[in-house]
Each structure stands twice: as C-alpha cells, then as structure tokens.
Amino acid sequence: MITGFLFRALDRKAILVALILLAIAVAVPVSNLMLPVSHPLHVPTHIMALFGKYLTYALLALALDLVWGYCGILSLGHGAFFALGGYAMGMYLMRQIGTRGVYGHPILPDFMVFLNWKELPWYWYGFDQFWFAALMILLVPGALAFVFGWFAFRSRVSGVYLSIITQALTYALLLAFFRNEMGFGGNNGLTDFKDILGYSVQAQTTRASLFAATAIALAIAFVICSGIVNSRFGKVLVCVRDAESRTRFIGYRVEHIKLFAFVVSAMMAGVAGALYVPQVGIINPGEFAPANSIEVVIWTAVGGRGSLIGPIIGAIAVNGGKSYFTAAFPEFWLFALGGLFVATTLFLPKGIVGLVSSGFAKLRGPREADRVEETLQPGTEAAQ
Amino acid sequence: MTEKLTDALLYLDGVSVAFDGFKAINDLSLTVEHGEMRAIIGPNGAGKTTMMDIITGKTRPDKGTVLFEGEIDLTRHDESAIALLGIGRKFQKPTVFESHTVQDNLELALKRDHGIIATLFHDTSKEQKDRIDEILDEIRLTERRSHLAADLSHGQKQWLEIGMLLAQDPKLLLVDEPVAGMTDAETVETAKLLRRIAGEKAVIVVEHDMTFIRDLDVKVTVLAEGSVLAEGSLDHVSADERVIESYLGR
Amino acid sequence: MRLIVILLGLLATLFSAALPATADEAELRAAIAKFSEAKKFSQTEAVIEEIAALGDPAAAPALNALSEGVLMVRESDGAVFIIRGTKDPLELLDPVTLEAVGSAPEDELSKVKVKNSIRRQIADVVSGLTLRASDPKVRLQAAATIFSRPDPEIIETLDAVIADEADPRVKQAFIEARAAAVLDSDLSSEEKVEAVAVLRARGGRDVLPILTSVSTSEDEAVAGAALNAISAVEENLMFWAAGQNIWYGISLGSVLLLAAIGLAITFGVMGVINMAHGEMVMLGAYTTFVVQEFIRNSAPGLFDYSLAIALPLAFLVSGSVGLVLERGIIRFLYGRPLETLLATWGVSLVLQQAVRTVFGPTNREVGNPSWMSGSFEVGELLITTNRLWIVVFSLFVFAVLLLVLKRTRFGLQMRAVTQNRPMASSMGIATPWVDAFTFALGSGIAGIAGVALSQIDNVSPNLGQGYIIDSFMVVVFGGVGNLWGTLVGAMTLGVANKFLEPYAGAVLAKIFILVLIILFIQKRPRGLFALKGRSVEA
C-alpha cells in the first residue's frame, strides 16, 4: 500500500528534485562550515540563513499549491497556519530559555513576568518537550484547518467567498494574537531564543543544521505531494478543481477530499513556520497579516500553480527579488510586487513553469504546443 | 423504511418544487421499472432538468416521495451518496475532466471504493483495467485513450461521458440530451449504444431530437409545466391534443 | 452662600463679556460711579438698589468686589475701580469690563465701606441679577450653577424667582435646582421626599451623587425614596446608554456602509473582486487633502466649502482610476474571479506606494470645516456633529445610488447586463462600456466615501487597507447583488460591534464579529438578502 504510494510518488521529476534538495542540504552546510571564508565556494552564514528562510517559504508555497493549484481552493489565510506552526515552535524555544531571561524566572517567559502573571497558562504546558511541540506544530494548524474546512466545505462555500473568509480568519487571528491577554507575547511576539534541542540557536553549526533540516523537510514534502498528486486522489483533486459537481455525480465525497487536502496543506504550512522561526529568531503577530498570505499566493502564481516545482521556484525567485529590491531600491519594491501580481495574472497564468513547458512543447512540434496551451487554460466549472 | 412500497426501480409521487414562487415541478409522478428505457420530452421549462436534479440530489423537493429500489428515500441523500447508490447522470452539456486523459476519466469513474485511503493508496487491478478496455472499445475511443479529454471532439466527449456512466456501473442512467450537437451518423450510433445498455440497466433519456426518440422506440413521457402531460408510445403521445397544444403554444 | 454668589457673578460676567456693549453699559457705569459719593451705609445701600433696578448682570463683578472690599475709589478723580493684588501700587481693573487699566499707589485709593447687612443685600441682588436676567440662557445657566453646588441659603431666593418665572423651561430648571438645595438643607422630611421626586423625574448622571448623599439619611422616608429614585434613574441611564451604543453603532455602520457601498456595486453587481477598493477610498481622502491645501493657500475663505468641492473631484479621481483599471486589467479577467482578486491586489499595492511616494508615508492633516465640528446632546445622548453628518451623508449616497440603479437608463442597462449578459448584448446594450462605467461608478463612490472618512480617520497611504476586510464582510453578510442587504449588513455589523465592545473590548468584539460572519456564511452562503435565480448560481 505505502510502497505503491511511494512508487507513484518517485517519478523522474520527484527523484530529481529530491536529489537536488538533498544535495543542497549537504553541500551548503558543508561549504559553510568546512571551507575557509576566502574559498570561492564558501557560502557565508548570512546567505545560508537567507536561503534557509526562502526554503521555508518554498515549503509554504508548496502547501498552498496543493490546495490552490490542484484543488482550486484559493486560501488567502495560509499565513495563519504558517504562523501557528511558528508559534508552536516559538513556545518550545521560549521554554528552553529557562533562567536566562531578563527576569530569570525558571518557568515563566519574560513577557509573562512583565505582565505580572503568576502561573503558566495551561496551553503552555508540555511545550518544554520537543516531541510535544513537534506534535503541536502539526496538530494545531491541522485542527484549525479541519474545523474551518469542515464547516466551509460541508456548506459548499467555495470560490471567492472561501477566499474572503480565509482572509477574515487570518485577520481575526492577527487581532487576537496582538492581545497581551492571549498569552503569546502580544505585539512583540516570541523572541530572544537561546537553545534548540540543547544547541545554541546562534551557533553556526546549529544554523547549518537548521538549513539542512529545512531542505530535507522540503524534499520530504515534495515527495509526499508528488505521491498525492500522482495517486487517484490527486487526479480527483484536479477533477474537483475543474468540475466540482461532476465529481460529486460520479460518487466522490468532494467535501472530504477538500478537507483532507486542506488539512495536509495546513500541516505542511505549520512545519514551514516551525522551521522559519528558529532561523529568523522571532515570531510575532505580523505573520498573520492578510497581506502576507496574499503574498504567498503570488509566489505560487509566479512559479506556476498546478505543478509542484512551480511554487518552489516562485517562492525563491520572488523573495530573492524582494531581498534585492528592498536593499537596492526600497521605494520600488511595492511597485514591482504589485506589477508582478498584475503581469502574472494577465500574461503568465501558469507561471514560469508553464512558460518553460509550453516553450519546450513548441520546440517539439506545433500540435503538441497547442495541446499544452489548451490544457493550460484553467478549467471552468461546466457542470450545471 | 423496511418494507418495500413499490417494485419499481424509481418511484416519484406527488413531487413539487418551487423557486421563488415559480413552480418548476408540480405534483409530478413517475415510475421507471428495472431495465426499462424511458424517453422524456417536453417543451423548454417543462421541468426535465429539475426532475433530474431532484433524482440526483442536487435539488431537494418541497414535497413528495422519491424512492429508489422501492425503499431508499433519495431526498435524504446528497449527490455523491446517490451516485454511489447506483444512479449515474450525463449532463446536457458534456462535462468530462478535460485535464485528464480519456483513460483517466474512465478510471476515475469506475465503480470502486472512493474513500480517501483507497484513492491515495490503492492501485487499479487487472480486472478493473480490463473493464476500462471494454468500455473504451464500446465507446470507440480505444485509440484516443491517452489523449487529453480536452482534445476530443464534441461527439467524442458525449461518448466519453456515456462511457464514464458505464464505468460507474449504475442501476439507473439519467441521460440529458445525449445527441445534441452530434452528426446524423453519430446520433444513430448513440441510439444503438443506449439500446444496448438498456435491459441490463434502466435508462431515462431526455431529448428534443424526435428522430432519435423514434430510433429508441421506447415508452415516452411528456412533461409540461412541471407535471406529466401524457405517457405512451411516441405515436400515441404525438397524437394527443394537449401535447400538440403545449408544444405549439396557444 | 458666598461661593454660589461668586459663581453666579462670574457667570454673569462671562455672559456680559460675551454680549456686545449696550446702551445699558453707560447707565451701569453711571450708577457704579455713584459709589464714590456714598459716604454713609444708607447711601451705599441706595446705590446698590439703583444698580439692582437696572437688572444688568454685568454689575455682578463690581458688586461682588464691593462685598469683598476690593472696590475702591481713586481720590484724585473719584473714579471707581476693582483692584487686584495686594502689592503696592495696586492694579486697577475697570469695574464693568474687568480690563486692566493701570495702577495706583495704595494711599491714593479709598475703599467703599460695607457691613454684613450690605453683604447680604449684595448677595441677594447678585443672584437676583442672574436669576432674573433678561436672557433666558443666563437664567438657565444660573440654575445649572446652583444645581451643581446646591446651597440651602438660596432656597428662599429661588422660591421668589420660581414664583415669578414665566419661561417653563427655566422654571423647571429652578425647581430642580431648588430640589437639590432642599436635599442639602434641614427642611422637613416631606419637603425632601418631594425634592427626591423632582430629581428622580429629572434623571441624568448628575442627580446620582445628590441622591446617594441623602440615601444614607437617618430619615427613613427620605432614604427610601432616594434609593428608589437611584435605581429608577440608573435604569433610565442604562436605557440611554443603550441608545448611545445604538448611535455609536449606527455611526460605525454608516462608515462601513460608505466603505462598502461601492464594493456592493463592483462585487455585488458585477461579481468583480476589487481588492483595490480600499485604495479608491484612500484616493478620495487624498483628494480632499489636496483640495484643502489648495484652498488654504489661495482662498482661505472657502475652507468651509472644501468638502463640497472635494466631493465631485474625489468622485472623478477615483472613478477615472477605476475606469482605467477596468479597461486596462479587469476586463481581461472576467469569469476568473480569483485572478481578478490577485491582479487588483497588485494594483492596490501600486496605488499605495504611489501615494506614499507623492505624499509621504505619514498622516496628512485634513481639517473639519466649522459646520462639522462640535457636538450636542439629546437627552443623555452625546452626538458629535461630524458623525451625524457622516450618517446623513451615507444614507444620502445610498439613496442616490438606489435611484440611479432603479430610475435611470444607465441603471436599467446595468441591471440588464447583470442578469443576462448575452441577452443584454443582443438587445444592443454595449456591455463592455456598461461594465466599465459600472466599475467607474463603484470606484467613484469609494472616492466620495474617502472624502467623508477623511473627516474621522487618519489620511495615510494605509487608509484603504483598514476598510477592505470590513467592507467585504458587509457585502458578503448583507448578500451579494442587493443594495438593501448592504445597508442592513453595515448597520447590523456596526451596532453589533458597538454592543459587544463594552463587554469584550474593541478587539475581541471585532474578532467575535469576524467569527460570527464566518459561521454565518456557512449557514447562508449567499448572505442575508441573497438574490435568487440562475444568474447568481453560475
């Protein structure tokens, strides 16, 4: 059963991508740690950290693509799952600070001492254990996605309505996490981390390990997604995207299918957030901002939705561009990003990947090119 | 409901549904026997499509009884549950999954476990593959099996959709305007295909094309303003004064 | 007693200072000048009588000064002054206008002499001057002053005044002031119970401390009546507080309505998700800023008309940006709502950054014209003028839009295109232009919403972002394609929000509302007032 899934998952493309990611997972940390700074192949720590961040974004975009590109659910609230995973990790890291905080309280994080809290809130219990935090990184986003999706998909909220309420969801969470009373550090969020699994988060080796872990996580997620997409389930996802009611009429429980994809996607987003937090050293309510979630959509769109490589390329390309622009021409970044939204939707509906594959198809022959062109058009709900 | 109320495969009694006060279906009663093929005709707005919506669970009737196999109350089930009970539907406008190949379309429609675990992990068995080959042969798409459904001609899409219905292996097929947009030759072939299917499965065909209905040579039900106007052979109903009136208007 | 007289005197001064000098002033000055000749107490009393007869509240400062012994006569010319300070030379104030008019050494001045009987006489006269002032405003204010500092000694004066008062409103105020004073006195229990009844009937927050102070009285009848009265007054106050909440809710609702109404057209009627809608509002607000800047620099006299000038301009600015947006981008994306959403989000980023580049990232100052500032009270309701105008304005915009949709040819074409595009097109309606102008109309209305919102919100490049989610919530909650739904949706959300706020706080209230809407959409995916029919199903 599982072998069949894996067999389907590891098609040529998946093997290639997984190998590249694993190679990066080894090569970059090795070059960073082993090679002298002067060596031409040395990867400086700040570059490694930057790309580590991009890889978590790529994982987030991949998660979004699973529901948007394949199932047609445009979530404008995926940043919420990312942030929840990040907060779960952040809570673990806060508990690891121990007495090294400013107030030196053995149990309570600094902000709670500052707020004059006497006891740890019940929902902070267990986060001193890594296994528990790891479980919560999957369960909290998954549970939120399950509850939200259960209601939304059962009552057949779809299309833009769904997009708008996912946005409302992350907005509500944004407001909630800004409140000090929530017990998540309010405005400032969680920061000043010291250790992860006993190693200092600042240490170069830890940073290299986190980078490797992110690349490996992305490779695993890619293989899982590839398995999902290549299975009959993945084909049904596309059916739901293209002709939802037709899918119902041949006997598929569309709401269950959507719910499963949504929950898996939310968990992946949670993992991405959890890997993001120790690398950037902070998590705050700003991660819940609706604008962030919409930006994830543009990464996916630029790279090419409905393909698994697209979102990874898109996340790295757009964020690379952002890093470059915000340093070189800070005034122009929003113009560029806004223009990117417009240009992608108007001229590149299938993103970079679509452009490349239709280019290849054109090389092969005009008939083929037409076919690819045709399939590139997003399917429309034709069932009445 | 433990006791069978009727031996008919499909049993509609006193069904009514209104949209914003407009009565789309008005006290409609209809029975279809096992293996029977029934043609349904009627002017635009007679309620043909709404009737299919009710049978397949897309629309819930305001009142009335809809029973399948004499004991299953269809008004209590949704579309996917009804499909799994054994009612397949072909839409007026052909709807196939355009970004999948012809073969994938059939594989997806094939009658088997549609649960999440099964769809994620189960392979297609040898028998299932054979069944798909059979259907491909039946709908004459064997050569195009690995083409995308989007590339098919209109008529081929209609056939693929019928093929998907066959793959579902339903007890009752609802076929809405199967020959719209087909050439004459294709129409004749389609009639033959449907007649082969009938007998084993019950079929309800909604069609405007009278030549096609004549080719089918089955009992005809005429719908008008949401209820049954006449029933019988095509010759019988086309002689009916009220039928002529409702088609031509006053 | 002294305190209240001084207060009344001050009050009188305030009013007389506010009023233009009249012919009476000369008479008053002449009368006051006579103090220089009053050598005996009886003469002083006569002068006071004479001043009292003039009935001018402006006399109060001089009389109070006399009572306090700071009314002095300059020996050289017999002029009368109020003096200030004790340091030699003493500062001289005009006895009527209280302006500083110079100074004089102490030995050149002589005090007008008073004794206690004269002081009492002055007290009566001063309170009489305000309590019997010809201007009813002065009398009302005097009553309020007494009410806020009840003094049993003034009861007798009040009794006389009440008997003579003709204006029922003022008379009521005096009766209430007297009741407050009675409760502070040692009058009989019946009198006090009656006074409690008067205060209970008056109601309001300010009777509570007075009633509370007597509720602990040893006299059980009085204490009981006071306790009853307190609960009655508090109940009444709760009622008013609810009213105030409703008003705040309507006020918030009207802001939501303004922000959402343009969206109701572009999203509701056309099915276009315009994420740049908030930026259309922002452009309207910046148009107001530009108009006001221009007026400040070139025609300051027109400032009060700045909003009227900004309205059409904002409509044009936002409307034409909307037109360009529709022609340039959105029309290529019809039928692909999710793509439209993304593209317009991109446009919103560009517009924000453009405004940030031109006007800077900080808040810009947009002023309230004079007719929009201030506030007034209705019963216990506090209503600020600018909010009131925004409520009126939002309803006006709503009504006009409804008329445009229902009564004009353009509205008819718009509805035709919404309901059946191919049919409308085949009947000769230029559907692309109907689309374009519908979108421009929706955007233009967002622009004029921006003019109104510039009066109550910070005008910054982020202005629009704050409204976009709320406006979508309103439209989705109210039901797509129905303007009445938008009105009801906006008002419901506004009032619900304000009612939750006292219990949950502003942020939690907002979260509650969002969660409620998310749940509501599950129940009624098409909103409160869903359009039924095939067109919305597609």
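The values are calculated or read from the model by the stated rules, or taken from the named source; none is laboratory data. The structure displayed is predicted, hence computed values, not measured ones. Virtual Cβ from ideal backbone geometry, glycine too; neighbours counted across all protein chains shown. Only protein heavy atoms, including side chains, enter the accessible area calculation; ligands, DNA and RNA are left aside. Shrake-Rupley method; radii C 1.70, N 1.55, O 1.52, S 1.80 Å.
Comparing mean-square fluctuations of A:ALA58, A:ALA361, A:ALA212 from a GNM of chain A with C-alpha springs under 10 Å, the top value falls on A:ALA361. The residues packed around A:GLY303, meaning those with a beta-carbon under 15 Å from its beta-carbon, carry a net charge of +2 if Lys and Arg are +1 and Asp and Glu are -1.
Here the calculated FRET efficiency for A:PHE114 and B:ASP27, from their Cβ-Cβ distance with R0 = 60 Å, stands at 0.25, rounded to the nearest 0.05.
In this Cβ point-charge picture (+1 for Lys and Arg, -1 for Asp and Glu), the protein assembly as shown has a dipole of about 3560 debye about its Cα centre. Ordering A:LEU115, A:SER163, A:PHE177 by Cα displacement along the dipole of segment A:105-204 toward the positive end leaves A:SER163 in first place; charges were set at the Cβ atoms of Lys, Arg (+1) and Asp, Glu (-1). The length gained by stretching the chain between C:SER375 and C:THR362 to full extension, at 0.36 nm per residue less their Cα-Cα distance, is 1.9 nm. Between C:ASP167 and B:GLU138, the modelled labels are 9.7 nm apart [label points 7 Å from Cα along Cα→Cβ].
Note that segment C:141-218, at 20 °C in a medium of 1.002 mPa s, gets a Stokes-Einstein diffusion coefficient of 173 µm²/s from its Kirkwood radius over C-alpha pairs.
Compute the separation of the alpha-carbon centres of segment A:41-107 and segment B:14-58 and state it in Å as a whole number. Value for the Cα centre distance between the two parts: 54 Å. Applying the criteria of a DSSP loop state and at most 16 other Cβ atoms within 10 Å to the trypsin sites (Lys or Arg not before Pro) of segment B:1-107 yields B:LYS4. The residue among C:ILE261, C:VAL222, C:SER134 whose Cα reaches farthest toward the positive pole of the charge dipole of chain C, with charges on the beta-carbon of Lys, Arg, Asp and Glu, is C:ILE261. Among A:GLY142, A:GLY281, A:GLY85, the largest mean-square fluctuation in a Gaussian network model of chain A, built with springs joining Cα atoms closer than 10 Å, belongs to A:GLY281. For chain B, the dipole from Cβ point charges (+1 on Lys and Arg, -1 on Asp and Glu) about the Cα centre works out to 240 debye, to the nearest 20. Take the accessible area of chain C alone and of chain A alone, subtract that of the pair, and you get about 3600 Å² summed over both chains, using a 1.4 Å probe. Rounded to the nearest 10 degrees, the angle from helix A:78-97 to the longest Cα principal axis of chain A is 20 degrees. Between segment C:153-172 and segment A:213-253, the alpha-carbon centres lie 86 Å apart.
A Förster radius of 30 Å combined with the Cβ-Cβ distance from C:PHE332 to A:LYS322 puts the calculated FRET efficiency at roughly 0.70.
For chain C, the residue among C:GLN121, C:GLY102, C:ILE250 whose Cα projects farthest onto the positive side of the dipole built from Cβ charges is C:ILE250.
Using the Cβ of C:GLU194 as centre and a radius below 11 Å, the other residues enclosed give a net charge of +1, where K and R count +1 and D and E count -1. Radius of gyration over Kirkwood radius for chain B, both on Cα atoms: the Rg/Rh ratio is 0.97. Potential lengthening of the chain between C:ILE383 and C:GLU235 amounts to 51.2 nm, from the contour at 0.36 nm per residue minus the alpha-carbon distance. On the principal axes of its alpha-carbon atoms, the protein assembly as shown has extents of 135, 96, 66 Å, going from largest to smallest.
Summing charges over neighbours of C:GLN413, with a neighbour being any other residue whose Cβ is under 15 Å away from its Cβ, gives +4 when K and R count +1 and D and E count -1. Per-residue shielding of A:322-335, expressed as the average number of other chain Cβ atoms within 10 Å of the residue Cβ, stands at 2. Of all the options A:ALA27, A:ALA83, A:ALA301, the one that moves most in a Gaussian network model of chain A with Cα springs shorter than 10 angstrom is A:ALA27. Could you list the residues of segment C:231-259 with an amide nitrogen less than 13 Å from a label point located 7 Å from the Cα of C:THR212 in the Cα-to-C-beta direction? C:231, C:234, by backbone N distance to the label point. On the principal axes of its alpha carbon atoms, segment C:241-537 extends 55, 48, 35 Å, with the longest extent given first.
The phi torsions of segment B:112-125, fed into the Karplus equation with coefficients 6.51, -1.76 and 1.60 and a -60° offset, translate into couplings of 5, 5, 9, x, 5, 4, 4, 5, 6, 10, 7, 8, 7, 7 Hz, rounded to whole numbers, with Gly and Pro shown as x. How big is the gap, in Å, between the Cα center of segment B:175-210 and the Cα center of segment B:69-86? The two parts, judged by their Cα centres, are 24 Å apart.
Rounded to the nearest 20, the size of the Cβ-charge dipole of segment B:1-120 about its Cα centre is 320 debye, with Lys and Arg at +1 and Asp and Glu at -1. Under 11 Å from a label point set 7 Å out along the Cα-to-Cβ vector of A:ALA291, the amide N atoms of segment C:447-477 belong to C:461-466.
Using a Förster radius of 41 Å, what is the FRET efficiency between B:GLN92 and C:ILE456 based on their Cβ-Cβ separation? Nearest 0.05, please.
It comes to 0.15.
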